[in-house]
Amino acid sequence: MHLCARYEPIKDPERLQQNFGVNAPDDLVTTDVWPSYKSIFIRRPKESDQSEEAAPNREAMLGSFGLIPHWAKDANIARHTYNARTETVAEKPSYLDAWRLGRHCIIPVEAFYEPDWRSGKAVATRISRADGQPMGLAGIWTGWKSPSGEILRSFSMLTINADQHPFMNLFHKPTDEKRMVVILEPQQFDHWLAAPAHRSKEFLLAYPAEGLVTG
């Protein structure tokens with residue numbers, strides 16, 4: 001079972017506004033999200049870079065969970081590109097353009113699921129912040145033009161090694177490498193969205209184990 005293939009999105013527009021400062025799109029997703037499902041991600045609007053006027057720093061967009069690179073023939077690749085390993089993100093063809101261009105995004109979630117194998121079989125386990133606040137996960141995004149001319153946006157979660165993490169190393173098979181998503185603090189949101197590509201790795205840190213709970 002792959003890392004973070006399922007997560008619980010924020011279903012309440014008010015909670016989204018209060019915690020992330022964005023207005024929910026009309027079609028806010030209210031079911032758990034799996035690879036290739038549509039859900040929202042938060043990016044820095046293009047106008048923020050092009051105008052001296054006061055443009056909003058963040059906007060919520062609907063996109064596919066799983067990055068669809070511009071050269072993809074169809075959207076099915078999203079089923080395999082939902083987690084981008086930070087060690088190889090700059091080299092993998094699916095991710096390198098979004099990474100090189102610094103297309104940072106935040107994925108707002110209530111919780112994500114990982115398999116707990118300590119019983120000998122995979123038990124899907126819900127993981128959330130201990131303080132009850134939603135999570136803003138660091139990701140990258142891009143746009144893809146379908147053969148019919150439709151523009152589809154998509155995003156991937158960035159992941160880091162968690163072999164030594166006291167909480168996240170409890171999940172996945174004992175023989176598998178342990179991985180975890182990058183959970184940003186609210187005061188980092190705008191810095192992450194605006195950071196140039198060469199500063200991306202400064203943000204890719206493990207979240208404290210005591211800040212996470214199961215259930």
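Taken together, the values in this text are just the output of simple stated rules run on the coordinates, not laboratory data. None of these values were measured; they are calculated from a predicted model. Reconstructed Cβ throughout: ideal geometry from the backbone, glycine too, with neighbour counts over all protein chains shown.
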Apply the Kirkwood formula to segment 7-214: the hydrodynamic radius equals the inverse of the mean of 1/r over all pairs of different alpha-carbon atoms; give it in Å with one decimal.
17.5
Provide the convex hull volume over Cα atoms per residue for segment 94-215, in Å³.
142
What is the Cα coordinate range of segment 54-118 on the first, second and third principal axes, sorted by size from largest, in whole angstrom?
51, 31, 25
Taking amide H positions as placed in the peptide plane 1.01 Å from N, state which residues far from Thr125 in sequence (5 or more) or on other chains have amide H under 5 Å from it.
Glu114, Asp116
Which whole-number percent gives the relative contact order of segment 54-156, counting Cα pairs below 8 Å spaced six or more residues apart?
34
What number, rounded to the nearest 500 deg cm²/dmol, is the helix-based mean residue ellipticity at 222 nm of the chain, given -39500 (n - 2.57) per DSSP H run of at least four residues and division by all its residues?
-2500 deg cm²/dmol
What number does segment 79-151 give for Rg over Rh if you use C-alpha atoms and the Kirkwood radius?
1.07
Using the Karplus curve 6.51 cos²θ - 1.76 cosθ + 1.60 with θ = phi - 60°, what ³J(HN,Hα) values do you get for each residue of segment 87-99, in whole Hz, with x for Gly and Pro?
5, 10, 4, 7, 10, 5, x, 5, 10, 4, 5, 4, 5
What is the Rg over Rh value, at two decimals, for segment 12-122, using alpha-carbon atoms and the Kirkwood definition of Rh?
1.01
Can you pick out the pairs among Lys73/Lys178; Lys92/Lys121; Lys92/Lys178; Lys46/Lys201; Lys73/Lys201; Lys38/Lys73 whose Cα atoms lie more than 24 Å from each other?
Lys73/Lys178; Lys92/Lys121; Lys73/Lys201
If contacts are Cα pairs under 8 angstrom and at least 6 residues apart, what is the relative contact order of segment 7-214 in percent?
21
GluC sites (Glu not before Pro) within segment 141-215: which are DSSP loop residues with at most 16 other Cβ atoms inside 10 Å?
Glu150, Glu177
